[in-house]
Amino acid sequence: RSYRKARVLVFDDIGSLKGTEAVSEALYSLLEYRTTREMPILWSSNETIGEMLPGSKITDLARKRVLSRLGGFSNIIEL
């Protein structure tokens, strides 16, 4: 709940999250809540969006749903 209400939410190295259904569902729910309310999220990753949430413990649909939300509402700056 505190992540939903934070003024600015910061994820450091979000690409290191393990690809599981539980992680996917929690992250999607949080992203959905914050993006529909236009609440800022800053995130960093050493991986590209296409490389995030790897693993056999997550369905392609769940992975695509999260990455679509993350990428669709981001201004990506590569350093």
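The values are calculated or read from the model by the stated rules, or taken from the named source; none is laboratory data. Since this is a predicted model, take the numbers as computed values, not measurements. Here the Cβ is made from the backbone with ideal geometry for all residues, glycine too, and neighbour counts use every protein chain on show. Side chains included, ligands, DNA and RNA excluded: accessible areas come from the protein's heavy atoms. Shrake-Rupley method; radii C 1.70, N 1.55, O 1.52, S 1.80 Å.
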Note down the net charge around residue 27, summing +1 for each Lys or Arg and -1 for each Asp or Glu among other residues with Cβ under 10 Å from its Cβ.
0
Could you work out how far helix 21-36 tilts from the main Cα principal axis of the chain, as a 0 to 90 degree angle to the nearest 10?
30 degrees
Per residue, how big is the convex hull of the chain when only Cα atoms are used? Give it in Å³.
87 Å³
If packing is taken as the average number of other Cβ atoms within 10 Å across a peptide's residues, how do 28-34, 56-62, 39-45 rank, most packed first?
28-34, 39-45, 56-62
For 8, 66, 23, give the ranking by accessible area with the largest first, probe 1.4 Å.
8, 23, 66
Under the definition of Cα pairs under 8 Å and six or more residues apart, what whole-number percent is the relative contact order of the chain?
40 percent
